[in-house]
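Read the structure below first, then the notes.
The values are calculated or read from the model by the stated rules, or taken from the named source; none is laboratory data. Note that the structure is predicted; figures quoted are calculated from it, not measured. Methodologically, a virtual Cβ is constructed for each residue, glycine included, from the backbone with ideal geometry; neighbour enumeration extends over all protein chains shown.
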Protein chains: 2
Amino acid sequence: MKYGFGVDLGGTTVKLAYFDTNGSLLDKWEIPTVTANAGAQILPDIAASIHSYIHTHRIQKEAVLGIGIGVPGPVDSKGTVNRCVNLGWDSLNVEHALSALTGFPVRAGNDANLAALGECWKGGGQGCENMVLVTLGTGIGGGIIINGSVFFGAHGSAGEIGHMILNRNEQELHTSGVRGCAEQYCSATGIVRLANRYLENNDTPSVLRNIHPLTCKAVFDAGNRGDPAAQAILEAFYELLGEFLANVCNVLDPELVLLGGGVSKAGSTLLEGVRPYFRQKVFHAIKDVDFSIAALGNDAGVYGAFKLALQSFCK
Amino acid sequence: MKYGFGVDLGGTTVKLAYFDTNGSLLDKWEIPTVTANAGAQILPDIAASIHSYIHTHRIQKEAVLGIGIGVPGPVDSKGTVNRCVNLGWDSLNVEHALSALTGFPVRAGNDANLAALGECWKGGGQGCENMVLVTLGTGIGGGIIINGSVFFGAHGSAGEIGHMILNRNEQELHTSGVRGCAEQYCSATGIVRLANRYLENNDTPSVLRNIHPLTCKAVFDAGNRGDPAAQAILEAFYELLGEFLANVCNVLDPELVLLGGGVSKAGSTLLEGVRPYFRQKVFHAIKDVDFSIAALGNDAGVYGAFKLALQSFCK
C-alpha cells in the first residue's frame with residue numbers, strides 16, 4: 001500500500017489530508033493561508049506542514065506516492081497558475097515549486113475542477129463517468145468530469161461557468177467586472193441580492209424585513225415556513241438557476257449535475273424548485289438528466305487533489 | 001489500403017463520399033432525402049446508393065472498412081437516434097438498421113458533432129486536439145472535439161449550443177419553442193431578424209430598405225460599403241455573438257473556436273467584429289483563444305462521418 005497527500009489551497013485556510021491509495025482519508029488538518037508578501041510563504045508553509053506530518057508519524061518517504069493540490073485559479077496542463085487574486089500570486093509553476101520544496105512529485109489543478117473529481121470518485125457522483133459539479137457558495141465554481149477524468153480545458157479554465165452571462169440587461173456591475181453573470185444571481189450572495197432587490201421593490205410583508213444582515217439560509221427558511229416574499233424570491237432564483245444549468249447542459253450534456261456549496265444545503269427543496277425551469281429551457285433530449293446534491297462538503301477538494309495525484313503517478 | 005463511406009444525412013439531400021483510410025476524398029455525390037412516410041425510405045435509399053457505387057466501381061467488399069453517418073438529431077453512444085424532426089424519424093437505431101441493409105459496420109453521430117470532427121481532421125482545426133465548431137447557418141450547430149475525438153455527451157446532445165438562452169427578456173417565440181436562444185440572434189436568419197427590427201425601430205436611411213427579401217449576405221455587403229444602418233445591425237450582432245461564444249468558452253475553454261456555416265463567409269470581417277466583445281465578456285485566462293473560419297464547407301460532414309468510422313473500426 002502506498003500513501004499520498006491531498007491539498008486544497010483556499011484564500012483563508014489550506015486543507016490537507018493524508019490518504020492511502022484505496023482512497024481512504026486517514027487524517028486531515030488545516031493551516032492558515034498567509035497571503036502577505038504576494039503569497040510567498042504559502043507553498044513553504046504547505047511543505048513544512050507535510051514534512052512535519054511525515055516526521056511525526058514516522059512515514060517512510062518511499063511509501064509516499066506524491067501530492068495533489070487544488071488552487072483557486074486557472075492552472076494549465078504543465079502546472080502553471082495564471083493569476084490567483086485571492087493568494088496574491090501572478091504566474092507560478094506550482095508543481096515545480098512544491099515538488100522542489102517537498103521532494104515529492106506534485107500535480108496541480110483548479111480547485112473547483114478537483115472538487116468535481118473528488119465528488120465523482122468518492123462522493124455524490126460515484127459510478128458516473130461524465131458529470132458537472134456546480135458549487136453554489138459565496139461565488140460559483142464549476143468542475144467538469146469527462147470519462148472519469150478532470151477536463152481542464154486549454155488554459156486550465158474549463159468549467160468557469162460562474163462567469164457565464166445570464167442577464168445581459170443587468171445594470172449593476174459584479175465584482176468580477178462584468179454585468180449579469182450567473183454568479184451575480186445564483187450564488188449565496190446572489191440570492192441575498194435578489195432578496196434585497198425584491199424587498200425594496202415590493203410592499204409584501206415579510207419576516208425577512210427584520211433580519212439583518214439577511215442570509216441565503218434565512219431566505220430558504222422563510223420560504224419553507226410559507227413567507228410569500230421569500231417564496232417569490234426563491235421562484236425568481238429557481239428560474240435563473242434553471243436557465244443557467246440548462247445553458248451549461250446544452251453545451252456538455254452530462255449524465256449528472258451535482259450541486260454543491262452552501263446553497264446546496266437546501267437539498268431536495270432546491271432540486272424540486274429548479275427542475276421545472278430547467279426542463280422548460282433545456283434541449284429536449286437532455287430534459288431528464290440526473291440532478292443530485294454533492295456529498296463530501298469541504299472534503300471534496302482534498303479527495304480530488306489526491307485522486308489527481310493517483311491518476312498521474314499510479315498507472 | 002482500405003476504403004469507406006462518409007454519409008451526411010440532411011433534411012433535403014444526403015451527401016455521400018468515398019474515402020481511403022488516409023482521408024483522401026476519392027469521390028462524392030448526393031441523393032435526395034425522401035422524408036415521406038415518416039422517412040422510412042431514407043436508409044434503404046442510402047444503402048442502395050452505396051451498393052450501386054460499389055457495383056459500378058467494382059470495389060471488393062473486403063476492402064470496405066465501414067460506413068460513418070451523420071444525422072440531424074441527437075444520437076446516443078449505441079447509435080440510437082432520439083427524434084429527428086427534419087426526417088420524420090422518432091426513435092431508431094441507425095447503426096443497426098443501416099448495417100443490416102448494407103452488410104457493413106456502421107457508426108452514427110450527430111451531424112454538427114461530425115462536422116467538427118471533419119474540420120479537426122482535415123479542415124480548419126488540423127493540429128488541434130480540443131476545439132469547438134460553431135456553425136452559423138439557417139440555424140446554429142455546435143460540435144465539440146476533446147482529445148481529438150467527438151464529445152457526444154450522455155444523450156448525444158453535447159454541443160447543442162444554439163439552444164442556449166442569450167436574452168432572457170426576449171418576447172418573441174423562436175421556432176424551437178423557447179424565447180431568446182442564441183439561434184434567434186446569431187444564425188443567418190437571426191441576423192435578418194435583427195436587421196428587420198432595427199429598420200422598423202429606426203429612421204436611418206439604408207440601402208437595406210430596398211432589398212426584398214433581405215438576406216444575411218446583403219447586411220454584410222452593405223456594412224462593408226459603409227451603410228450606417230447595416231453597420232449598427234452588425235455591431236449589435238457582434239455583441240450578441242461575442243457574448244454567446246464567451247458563454248460557450250467559459251464552459252469548455254477550447255484551444256480553438258472555428259466558425260462555419262453561411263455567416264462565416266464574412267471571414268475576417270466577422271472575426272474582427274466579434275473578438276472585442278468576446279474579450280470583454282469571457283474569463284480572463286481564455287481571452288486569447290484562437291478564432292478561425294472553417295475550411296471544408298459542405299464536405300465537413302462526410303469527412304467527419306468517415307473519420308468516426310475510421311476511429312471505430314481501424315484501431
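Per-structure values
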| item | result |
| --- | --- |
| Residue among A:160, A:200, A:172 that alone is closer than 30 Å to residue A:308 by Cα and of a type in the set (D, E, K, R) | A:160 |
| Residues within region A:110-148 that are among the polar types (S, T, N, Q) and assigned to a strand (DSSP E or B), tallied | 2 |
| Selection status of residue B:302, crowded, with 24+ Cβ neighbours inside 10 Å, under 26 Å from residue B:21 (Cβ atoms), at pLDDT 95 or above and away from chain A (no Cβ under 14 Å) | yes |
| Filtered residues of region A:182-225 (kept if buried (at least 21 other Cβ atoms within 10 Å of the Cβ) and over 20 Å from residue A:167 (Cα atoms)) | A:206, A:208, A:216, A:219, A:220, A:222, A:223 |
| Some residue of region B:22-37 being in contact (Cβ under 8 Å) with a residue 12 or more places away in the chain, surrounded by 20 or more Cβ atoms within 10 Å (Cβ to Cβ) and in a strand (DSSP E or B) | no |
| From A:83, A:168, A:107, residue being more than 15 Å from the chain's Cα centre (by Cα) and part of a loop (DSSP other than H, G, I, E, B) | A:168 |
| 1 or more residues within 14 Å of another protein chain (Cβ to nearest Cβ) and not small (Gly, Ala, Ser): qualifying helices (runs of 4 or more DSSP H) within region B:196-296 | B:228-252, B:267-281 |
| Filtered residues of region A:235-262 (kept if touching a residue at least 40 places away in the same chain (Cβ under 8 Å), buried (at least 24 other Cβ atoms within 10 Å of the Cβ) and β-branched (Val, Ile, Thr)) | A:248 |
| Residue list for region B:69-97, filter: polar (S, T, N, Q) and touching a Phe, Trp or Tyr at 6+ places or on another chain (Cβ under 7 Å) | B:77 |
| Residues of region A:124-174 classified as surrounded by fewer than 18 Cβ atoms within 10 Å (Cβ to Cβ), over 21 Å from residue B:156 (Cα atoms), more than 7 Å from chain B (Cβ to nearest Cβ) and free of Cβ contacts under 8 Å to residues at least 12 places away in the same chain, total | 3 |
